[in-house]
1. Under the Karplus relation 6.51 cos²θ - 1.76 cosθ + 1.60, θ = phi - 60°, what is the ordered set of whole-Hz ³J(HN,Hα) values for segment 101-107, x standing for Gly and Pro?
2. Output the pairs from K112/K137; K73/K184; K73/K195; K65/K129; K56/K87 with a Cα-Cα distance over 23 Å in this structure; if there are none, say none.
3. Which three semi-axes in whole Å describe the equivalent ellipsoid of segment 59-156, each the square root of 5 times a Cα gyration tensor eigenvalue, listed largest first?
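Nothing in this text is a laboratory measurement; each read-out follows from the coordinates by a stated rule. Bear in mind the structure is a predicted one, so any value in this text is a computation, not a measurement.
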Amino acid sequence: MKLELEMKRIEADKEIRMMELQDQQAEQNKPQEDGGRPIEMEAQQAFSWDDSLAGKTKRYGDTLKHVLSQMPKEIGELPQFFDIVEKLYSTYQVPEDLQAKLLIPLLNDRAKSVIGRMSAAAIENYELKHFLLTVFKLTPREYKNRFDSAMKNADETHVLFAARLRSLLMYYLHNRDIGNSFDKLCDLIISDRLKSCLPNGPLQYVLSLEGDAWFSPDRVATLADTYVNNRPELLLLKLLVRLLMLVQVSCRLKIIRRTVTVTKVVM
């Protein structure tokens, strides 16, 4: 008898507990008297914030702040800095619309003052990198000059110096869009060598037409000849050289004639 009463009491307690849980669930789903929202709406709001631009920026910013370094002060190290940033963006799958926003806090004071001239649309499209490289004059020609004039630093090992040389050369070849083409690489080497042999006038003429691109060796040679053949002062110089050569030839002929005349008289 006691066992049956105990079982009935347990069943009654279970029913009471179930009713309390149902009442609690119903209470949570009702709007609160102080103007609050149900739990489901609060959860939806939290999800919407996480999916917003501010939420995503904070989430990716918190993730990357321990792996991204500040922009270096040495301008020559900028390409390597951007390479590391872009590799991390790829690793963490950072959306394109966040990349420039996450990069801005990493810039030094000089770079931040420069990007004030950029439009918001340019920053949105991650044109920040190309803008800074252009402003700081890190053009393909500058990469080449830095490679040619690079010197080992006193606190730098030969291994690090070799790595720096390789980086400078790879940046240069990448910006010249060489890719894996051996023929394009040969043309670039010959073109650079040819331009290094040009006088200042033809060289500046070729460089002004090249801009940020580069011309094949045949194109460089043709432009140099065009410049030389259409410069009045150079035409005059060429004329003077020819006249001088004619005078020299005339003098030699006179000497030969006199020698022949003297020889005939002696005979």
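1. 5, 6, 7, 4, x, 7, 6
2. On the way: K112/K137 16 Å; K73/K184 34 Å; K73/K195 32 Å; K65/K129 19 Å; K56/K87 19 Å.
K73/K184; K73/K195, as the Cα separations exceed 23 Å there.
3. On the way: eigenvalues 124, 59, 29 Å².
Semi-axes from the Cα gyration tensor: 25, 17, 12 Å.
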